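The block underneath contains the structure these notes are about, expressed in structure tokens.
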Amino acid sequence: SSNSKPAAARHSYTRKLMCKQCFIINFEEEVHIFIQQTQIIKGDSEIVIGVSGGKDSSVLLTVLYNLVKNHKDCYPNTKLFMLAIDEGIAGYRKESLDVVKSLQQKFNLPLEILSFKERYNRTLDELVRTLHTDVEDTTLACSYCGILRRQSLSAGAKLISSKALVATGHNADDQAETVLLNLIRGDFQKLKRCVDPLTDLHVGNPKIKPFAHQSQKDIVLYAHFNQVQYFSTECPYAVTAQRGVARRYIQKMSRQEPRCSLNIQDFVSGFKRGEQIVEIKECAQCGAPLSGTMCQSCMIKEAKNAADLKKVLK
């Protein structure tokens, strides 16, 4: 921590210890720098924030509101709007929409709510009943819901403004999960597209992901330290979704490699840019194939201490 206050958290990627206030400031600055580097938001952008009442979108709303307020030089004419989708999930969506309405009063931003029932003549619950799927197999519900939610967000944004950007709270872990799912499904087209922080540039309203490089853990900590109100119950349909398997895997790997989610995204980005694979040469000492200057077996052989040995695996 940079001051005399006690350290309250460790940053997910840098592992740096920070007090609550420094953590909040640092988090907002990281998002601001990411937006400036990727140019996903311009000074006069109209941004429709997809809000669900959950932690990611509630924190996104809070952070974007603060950035527009505190960085007037970078976002002089940026306008923010809120858009919520009511899928019609009993015992879940009404409660989360109450949080959305409470946030709307706090920030005093325009709010639009679109419902599946009005747009598609059936709620998600009704759609699932039509399929006759039992609760154990709810993966289909997530697939249908994803299709209709994406379309509803686009339609809602268009209602607000023809040139508005749709901002969603997808974080680095969500992005990494999507990469894994597309790999498993062999969906090459979606794999190429899924890590972009700005998509659908030439069709309707572009989508942006300002949290693409923020970890789920840091978002939760920000919400906790900054007392962001959110609805924490998980969607009843999300329990058995395929994504949950990818999520648990990434959480497990992140304990060993903190930058796991960023590395997965970087890999796909490098792959898309067509970065050249390093040419394999021969080790001058033992003739083994190598991509660096000395092969790892020779480095182990010549290592004099623990520090030398650690260099081998870097």
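Computed from the coordinates by the stated procedures, all read-outs in this text should not be read as laboratory data. Everything quoted here is computed from the prediction, not taken from an experiment. Cβ: placed from backbone, ideal geometry, glycine included. Neighbour counts: every protein chain shown.
Please work out the Kirkwood hydrodynamic radius for the stretch 145-271, using every pair of different C-alpha atoms, and report it in angstroms with one decimal place. Don't skip to the end; give the middle numbers.
Details: mean 1/r = 0.0624 Å⁻¹.
For the stretch 145-271, inverting the mean 1/r across all distinct Cα pairs yields 16.0 Å.
For the chain, what is the mean residue ellipticity at 222 nm derived from helices alone (per DSSP H run of n ≥ 4: -39500 (n - 2.57); sum divided by total residues; nearest 500 deg cm²/dmol)?
Details: 13 runs with 158 residues, N = 314.
About -15500 deg cm²/dmol.
So for each of 229-236, 149-156 I average, over its residues, the number of other beta carbons within 10 Å; can you give me the resulting order with the highest mean first? Display every interim value, and only then the final one.
Working: 229-236: 15.0, 149-156: 18.5.
Result, highest mean Cβ count within 10 Å first: 149-156, 229-236.
The alpha carbon centroids of the stretch 1-40 and the stretch 214-249 are separated by 19 Å. Add +1 for every Lys or Arg and -1 for every Asp or Glu among the other residues with Cβ under 12 Å from the Cβ of residue 70, and state the total. Around residue 70, the charge tally is -1.
Of all beta bridges DSSP finds with both residues in the chain, what is the antiparallel percent, to the nearest 5? Given both bridge residues lie in the chain, the antiparallel proportion sits at roughly 30 percent. When Rg and Dmax are taken over the Cα atoms of the chain, they come to 22.5, 72 Å.
Rounded to the nearest 20 debye, the dipole size of the stretch 127-222 about its Cα centre is 500 debye, using +1 on the Cβ of Lys and Arg and -1 on the Cβ of Asp and Glu.
Restricting to DSSP loop positions (anything but H, G, I, E, B) with no more than 13 other Cβ atoms inside 10 Å of their own Cβ, which GluC sites (Glu not before Pro) remain in the stretch 80-165?
For GluC sites (Glu not before Pro) across the stretch 80-165 that sit outside H, G, I, E and B with at most 13 neighbouring Cβ atoms in 10 Å, the list reads 136.
For the chain, the longest principal axis of the alpha carbon atoms and the long axis of helix 172-185 meet at an angle near 80°. Computed from Cα atoms, the angle from the helix 260-273 axis to the main principal axis of the chain rounds to 80 degrees.
Each peptide in 63-74, 166-177 was scored by the mean count of other Cβ atoms within 10 Å over its residues; highest first, the order is 166-177, 63-74. Using a/c under 1.5 as the rounded threshold, could you call the stretch 49-146 rounded, prolate or oblate? The axes a ≥ b ≥ c are square roots of the C-alpha gyration tensor eigenvalues, and prolate needs a/b larger than b/c, oblate otherwise. Prolate shape, in that a/c is at least 1.5 and a/b is the bigger ratio. Taking each residue as 0.36 nm, the span from residue 70 to residue 249 lengthens on full extension beyond its C-alpha to C-alpha distance by 60.7 nm. Taking the Cα centroid of the stretch 66-137 and of the stretch 182-204, what is the distance between the two, rounded to the nearest whole Å? The two parts, judged by their Cα centres, are 23 Å apart. Taking Cα atoms only, the orientation of helix 139-160 departs from the longest principal axis of the chain by about 70 degrees.
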